[in-house]
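Trainee: Supplied in structure tokens, the structure appears directly below.
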Amino acid sequence: MTLPDIEALDAADPLSDLRHRFSLPAGKIYLDGNSLGALPKAAMARVEEVVRKEWGHDLISSWNSNDWINLPVTVGEKIAGLVGAAPGQVISCDTVSINLFKLIVTALQLQEGRRVILTQEDNFPTDLYMTEGVGGLLGQQRCTTRTVPADQLLAAMDTDVALLLLTQVNFRDGRLHDIAAITRAAHAKGILVLWDLAHSAGVVPLELDRWQVDMAVGCGYKFLNGGPGAPGFLYLAEKHQNQVNQPLSGWLGHAEPFAFEPGYRPARGVVRYLGGTPGILGLAALDASLDVFAGLDMNQIRAKSSAMTAVFIDGVRSNPICADCQVLTPLAAERRGSQVSLAHPQAYGVAQALIEAGVVVDFRAPDIVRFGFSPLYNSYRDVAAALQQLLRILAEAEYLQARFATRARVT
């Protein structure tokens, strides 16, 4: 694709003005698909206001005067609009891992007589670790994990399966599951479904209510741009609420937390999935970050995501310099998320050389360079420049230089 072609795509991009709402360092192309979206300027201003005024001046009164106490609900409702959920079904709290634990145990309680959690073998590790942890806590007679390849999931659905736990977009190869079809298949066998939306919320249109999804979790720090360690979120369909108690019965999930009763009475609805006191700085940053999505059409976001990844994939596949790169991400746009994963024998070195050249990507063991494309702040010029740097690094074998061999703790 020529430079005029790229410039034409940027000129026709209906989302191009959103880029100016982010703080993007000069000289860097931010294509990290890992755990941190770029910084929205509104989030920076909001955190400063919370620190200086709400914390610094208003102090403890801010729980009421600045409505800190309701931030988990406020943020949850903003996320609900992005995932196709009616009010009262999404709460923002804790982390993906903790929310997985709460919903896994909820599902097992709802599915008395069934004990198997079914998942795919290359699911995101924390999802697998959590199922193992619940099994260790409850014992194999109450909970056991069955892992199978993705193409064997339907065949593995039997009457022992209580819960199907899947990530919509695979973190390694970017493959996109069909939530609606898989959820229908699971329900036909009496199986509840829990979806991990960490790699799709904010870039893929979601209709959790319409697809009759039972449960879902997601993070706030990736495509929602809520900051490092931003709170996660959980979705629990209204039909499943108030039937069982969640296992982490913290005081803010109590029906009357400030009554300070000695016994636990759960709140009604999804609020009972709150636990301890929420981190207000993180919630405030995420709250402001979500305002970037106000009034946007998720289908436009998805269209730009698909187009950017297509430009990059086509550039890699059409150039002989990339002969040693294997495109792991599906070529069909409807089957991939907003990332492109390339396998290369020297993937870590390639990733580090790109980062040094100003193209921020991430590495996934054992041999994957991952490029994450955010339609809110990435341009088609970013895509073309990243491809140009990749071609240069591969042509010059720059990735073999010794300084790119030392592994950092966080990759």
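Trainee: Work through the residues other than residue 162 whose Cβ is under 12 Å from its Cβ and net out their charges, Lys, Arg +1 and Asp, Glu -1.
Mentor: Values: positive: 114, 115, 142, 146, 189; negative: 112, 158, 160, 214.
Overall, the nearby charge balance is +1.
Trainee: Assigning unit charges at the beta carbon (Lys, Arg +1; Asp, Glu -1) and nothing else, what dipole magnitude in debye, to the nearest 20, does the range 333-411 show about its Cα centre? Present the calculation step by step, with values, prior to reporting the outcome.
Mentor: Working: 9 positive and 7 negative charges, 39 e Å.
Here the size comes out at about 180 debye.
Trainee: Something else about it: Please report, largest first and rounded to whole Å, the three semi-axes of the ellipsoid equivalent to the range 1-106, where each semi-axis is the square root of five times an eigenvalue of the C-alpha gyration tensor.
Mentor: On the way: eigenvalues 228, 100, 41 Å².
After scaling each eigenvalue by five and taking roots: 34, 22, 14 Å.
Trainee: Related question: Could you tell me the center-to-center distance, by alpha carbons, between the range 289-338 and the range 357-411 in angstrom?
Mentor: 15 Å
Trainee: How long, wide and thick is the range 301-379, going by the Cα atoms along their three principal axes, in whole angstroms, largest first?
Mentor: 32, 23, 22
Trainee: About the Cα centre of the range 48-293, how large is the charge dipole given +1 on each Lys and Arg Cβ and -1 on each Asp and Glu Cβ? Please answer in debye to the nearest 20. Each step should come with its number before you reach the end.
Mentor: Details: 18 positive and 26 negative charges, 98 e Å.
For the range 48-293, the charge dipole is close to 460 debye.
Trainee: Rank-order 322-329, 40-47, 20-27 by packing density, defined as the average count of other C-beta atoms within 10 Å over each peptide's residues, highest first.
Mentor: Values: 322-329: 17.0, 40-47: 18.8, 20-27: 12.5.
Final packing ranking: 40-47, 322-329, 20-27.
Trainee: Could you give me the radius of gyration and the Dmax of the range 51-174, taking only the C-alpha atoms into account and expressing both in angstrom?
Mentor: Cα-based Rg and Dmax for the range 51-174 come out at 18.9, 60 Å.
Trainee: Among 230, 99, 387, whose Cα lies farthest out toward the positive end of the dipole of the chain, if unit charges sit on the beta carbon of Lys, Arg (+1) and Asp, Glu (-1)?
Mentor: 99
Trainee: Show me the trypsin sites (Lys or Arg not before Pro) within the range 246-355 that DSSP assigns to loop and that have at most 16 other Cβ atoms within 10 Å of their Cβ.
Mentor: Details: sites: 268, 272, 302, 304, 317, 335, 336; in loops: 268.
Counting only loop positions with at most 16 other Cβ atoms within 10 Å, the trypsin sites (Lys or Arg not before Pro) in the range 246-355 are 268.
Trainee: On to the next question. Compute all pairwise cysteine Cβ distances in the chain, then list the cysteines with no distance under 4.7 Å to another cysteine.
Mentor: 93, 143, 219
Trainee: Using only DSSP helix segments of four residues or longer, with each worth -39500 (n - 2.57), what per-residue ellipticity at 222 nm results for the chain after dividing by its residue count and rounding to 500? Let's see the in-between values first.
Mentor: Details: 11 runs with 131 residues, N = 411.
Using -39500 (n - 2.57) per qualifying helix, the result is -10000 deg cm²/dmol.
Trainee: Tell me the relative contact order for the chain as a rounded percent, counting alpha carbon contacts under 8 Å between residues six or more apart.
Mentor: Values: 768 pairs, mean separation 90.6, N = 411.
For the chain, the relative contact order is 22 percent.
Trainee: Taking every pair of alpha-carbon atoms in the chain, give the share separated by more than 41 Å as a whole percent. Show your work: numbers first, answer last.
Mentor: Numbers: 14475 of 84255 pairs.
Tail fraction, whole percent: 17.
Trainee: In bins 5 Å wide, starting from 0, what share of all Cα pairs of the range 235-366 does each bin hold, as a percent?
Mentor: Once binned at 5 Å, the Cα pair distances of the range 235-366 give 2, 8, 11, 11, 11, 10, 10, 10, 9, 8, 6, 2, 1, 0.
Trainee: On C-alpha positions alone, give me the angle between the axis of helix 96-110 and the longest principal axis of the chain, in degrees, nearest 10.
Mentor: Between the helix axis and the principal axis of the chain, the angle is about 50 degrees.
Trainee: Continuing with this model, one more query. Would you list which lysines come within 29 Å of residue 102, measuring only between C-alpha atoms, while excluding same-chain residues fewer than 8 positions from it?
Mentor: Answer for residue 102, where 29 Å is the Cα cut-off: 78, 189, 222, 239, listed by chain and number.
Trainee: Helix 179-188 sits at what angle to the longest principal axis of the chain, using alpha carbons and giving 0 to 90 degrees rounded to 10?
Mentor: Value to nearest ten degrees: 40.
Trainee: To the nearest 20 Debye, how big is the dipole of the chain about its Cα centre, given +1 on the beta carbon of each Lys and Arg and -1 on that of each Asp and Glu?
Mentor: Working: 35 positive and 42 negative charges, 88 e Å.
Value, rounded to 20: 420 debye.
Trainee: From the gyration tensor of the Cα coordinates in the range 360-411, what semi-axes in whole Å does the equivalent ellipsoid have, largest first, with each one equal to sqrt(5λ)? Mind showing how you got there, number by number?
Mentor: Working: eigenvalues 98, 52, 14 Å².
Listed largest to smallest, the semi-axes of the range 360-411 are 22, 16, 8 Å.
Trainee: 5 Å is the cut-off here: which amide hydrogens, built 1.01 Å from N in the peptide plane, fall below it relative to residue 120, excluding neighbours closer than 5 in sequence?
Mentor: 148
Trainee: Give me the Debye-computed log₁₀ of I(q)/I(0) at q = 0.26, 0.31 Å⁻¹ for the range 305-351, equal point scatterers on Cα only, no solvent, two decimals.
Mentor: -0.99, -1.20
Trainee: When all alpha-carbon pairs of the range 48-293 are counted, what percent fall beyond 32 Å? Intermediate results must be reported in sequence, preceding the final value.
Mentor: Numbers: 5942 of 30135 pairs.
In whole percent, the long-distance tail amounts to 20.
Trainee: Can you pull out the GluC sites (Glu not before Pro) in the range 29-125 whose DSSP state is coil and whose Cβ has at most 16 other Cβ atoms within 10 Å?
Mentor: Numbers: sites: 48, 49, 54, 77, 112, 121; in loops: 112, 121.
Answer in residue order: 112, 121.
Trainee: Helix 380-395 against the longest principal axis of the chain: what's the angle in degrees, Cα atoms only, rounded to the nearest 10?
Mentor: Its long axis makes an angle of about 60 degrees.
Trainee: With only alpha-carbon pairs counted, each pair once and no self-pairs, how large is the Kirkwood hydrodynamic radius of the range 97-238 in angstroms? Provide the component values of the computation, followed by the final result.
Mentor: Details: mean 1/r = 0.0663 Å⁻¹.
15.1 Å is the Kirkwood radius here.
Trainee: Also: Computed over the Cα atoms of the range 162-273, what is the convex hull's projected area averaged over all directions, in nm²?
Mentor: Working: hull surface 34.0 nm².
In nm², the orientation-averaged hull projection of the range 162-273 is 8.5.
Trainee: Which whole-number percent is the relative contact order of the range 48-293 (Cα, under 8 Å, 6+ apart)?
Mentor: Details: 443 pairs, mean separation 56.5, N = 246.
Answer for the range 48-293 is 23 percent.
Trainee: Based on the Kirkwood radius over alpha-carbon pairs, what value in µm²/s does the Stokes-Einstein equation return for the translational diffusion coefficient of the range 163-205 at 4 °C and 1.567 mPa s?
Mentor: Result for D is 120 µm²/s.
Trainee: For the range 219-264 and the range 66-92, write down the distance between their C-alpha centroids in whole Å.
Mentor: Going from one Cα centre to the other spans 11 Å.
Bear in mind that the values in this text are calculations on the coordinates, not laboratory data. The shown structure was predicted, so the numbers you read here are calculated from the model rather than taken from an experiment. Cβ sites come from the backbone with ideal geometry, for glycine too, and all protein chains shown count toward neighbours.
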